[in-house]
Amino acid sequence: MSTIRDDVRVTAPDAQGLDARLVVDRGSFRLDIALSAAPGDVVALLGPNGAGKTTALRALAGLVPLSAGHLRLDGTALERTPPESRPVGVVFQDYLLFPHLTALDNVAFGPRCLGASKTAARALAAEWLERMGLAAHAGAKPRRLSGGQAQRVAVARALATNPRLLLLDEPLAALDARTRLEVRAQLRRHLADFEAVAVLVTHDPLDAMVLADRLVVVEDGRIVQEGGPSDIARHPRTDYIAQLVGLNLYRGRADGHTVRLDTGPAITTTEILTGPVFVAFPPSAVTLHRDRPTGTSARNLWRCEVAGLETHGDQIRADLGGELPLAADLTTVAAAELDLHPGATVWATVKATQTHAYPA
């Protein structure tokens, strides 16, 4: 356990990182995942609602007991260690700042609990507020802080105890879009300087891609894919991940340049593969036509029906059913010229060069 002396110097234990297998039984739901990370790593847990992400975070914090498995941090077993005695800092989704304390005393609370004198704890808190660019708000209570300022106070409070594991539960979810952009960049800088392990739970793929070194995708209490952000984005292995990163994803069997889908037609790709594969392409790769096109160089052509339309950023996303269910992005002008509406028949084309096939 970390200790804080009156001179505010803290000696970290030997750096070994996180080694955990988290098994939690809650009624009919069972979480069973393995997590490992070296000091300095930022790991993001992603997954749909009910996948088990928050349960995993609470198990790491000691707020939910393990049914089985193990939890070791820097070589020390923590399964039986109470939450308050773990070298773990937590930033909750709603921050949970003490409303009756100033920003300075909120940050000083953790060091005080670890035995630091009031003077030393407040000196350390002032240092952290300075790092967060909040020195001018040290005397403010939470109700006088903006969402971004409250978030940074919560991060400072978690870091002030010199944790060996930092847990962040949807740390940017409560912020508006403009504040989120600014605070995300600031949080990335602070995590880059953090010398222990950080685990982030988020629903936002951009938060995960920007903040994390490695993504762990959880569905139904199990890990379905993990890897670097670019690898996950280029090689999704479930429909949830494909939707998360904005790709059309299909599974089939390859024979050279042709992939015969498990359910649906064939897709022509540039890769030469054999056996089970995934094929992915972005909605922006899809070109729509009201009449069957002639003379097109696209190797892939399917007859589809518009199932729905929605605004997606500055474009229109068409949800298409029929021969091959897919999503297509087009400008509002193009959508108007095509007279798109639910039930309309369209032809979709995708060039082979815009598809990406990889082993399943």
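Only the coordinates and a few stated rules stand behind these numbers; no lab work does. These numbers were taken from a predicted model, which means no experiment stands behind them. Virtual Cβ from ideal backbone geometry, glycine too; neighbours counted across all protein chains shown.
Laid out as a table, the results:
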| read-out | value |
| --- | --- |
| Leu166 long-range amide H proximity, modeled H, under 5 Å | Gly89, Val197, Ala198, Val199 |
| Mean separation of Cα contacts under 8 Å, 6 or more apart, over the residue count of the chain: relative contact order % | 16 |
| Rg and Dmax of segment 134-198, Cα atoms only, in Å | 12.0, 32 |
| GNM flexibility winner over the chain from Asp32, Asp207, Asp231 (Cα, springs under 10 Å) | Asp231 |
| Surface/4 estimate of mean projected area, convex hull on alpha-carbon atoms of segment 64-114, nm² | 4.8 |
| Pairwise centroid distance, computed over Cα atoms, of segment 111-155 with segment 312-360, Å | 50 |
| Equivalent ellipsoid semi-axes - Cα gyration tensor, segment 146-275, angstrom | 38, 15, 12 |
| Residue order, fewest to most surrounding Cβ atoms within 10 angstrom, among Tyr358, Tyr95 | Tyr358, Tyr95 |
| Paired Rg and Dmax values of segment 18-239, which use every Cα atom, in angstrom | 17.3, 54 |
| Reachable aspartates and glutamates from Lys118, criterion Cα separation under 15 angstrom, eight or more residues apart if same chain | Asp6, Asp7, Asp105, Glu127 |
| Average Cα contact separation per residue, segment 209-256, under 8 Å, 6 or more apart, as relative contact order % | 23 |
| Qualifying trypsin sites (Lys or Arg not before Pro) in segment 35-89, DSSP loop, other Cβ atoms within 10 Å at most 11 | Arg80 |
| Percent antiparallel among DSSP beta bridges (both partners in segment 18-239, rounded to 5) | 55 |
| Max mean-square fluctuation residue, GNM over the chain, Cα-Cα springs under 10 Å, options Ala173, Ala108, Ala51 | Ala173 |
